[in-house]
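Presented below is the structure to which this report refers.
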Amino acid sequence: MRLALRVELCELSAGCDDDADTLLWYVAHTRPRREKKLAEYCEREEFRVTLPCYRAVHKYRGKTVTFLKPLFPGYVFLQLLVHQRQKVYQSDYVATCSTCRPGNLCAAVRRHPPGAGD
């Protein structure tokens, strides 16, 4: 089986007219394989969401199939107002949600590695 990967950034953004100074960045650690569902939910709720993805191409019995997979499995990046955080938890796709400040993104990911405690 031949596998070809091409990295592509796929950003899903919903229109939100809030002042950017009042929005905080969060990293949401999702339940297993729920990244796209959470991104769709946040888009419907008009939250700002970023889900970096890459294209994976597989060949099955002569057919070429392209998949769009999360670049960081288990994580979705959100820009929310403080009171919107609780609404994200109501989606049932989120395991934990941590605030991201400059320089602590890696620390947030280390605290909640994919597959740990799901």
- request: Order the peptides 86-92, 27-33, 56-62 from the highest to the lowest mean number of other Cβ atoms within 10 Å of their residues.
  value: 27-33, 86-92, 56-62
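To the nearest 0.05, how large is the calculated FRET efficiency for residue 45 and residue 67 if R₀ is 30 Å and r is the Cβ-Cβ distance?
Details: r = 26 Å, r/R0 = 0.86.
The computed FRET efficiency comes out at 0.70.
Could you please rank 67, 47, 72, 77, placing first whichever residue has the fewest other Cβ atoms within 10 Å of its Cβ?
Numbers: 67 10, 47 24, 72 14, 77 18.
Fewest-to-most ranking of 67, 47, 72, 77: 67, 72, 77, 47.
Bear in mind that the values in this text are calculations on the coordinates, not laboratory data. Because the structure is predicted, anything quoted here is derived from the model rather than measured. When we count neighbours, we look across all protein chains shown, and the Cβ atoms used for this are built from the backbone with ideal geometry, even at glycine.
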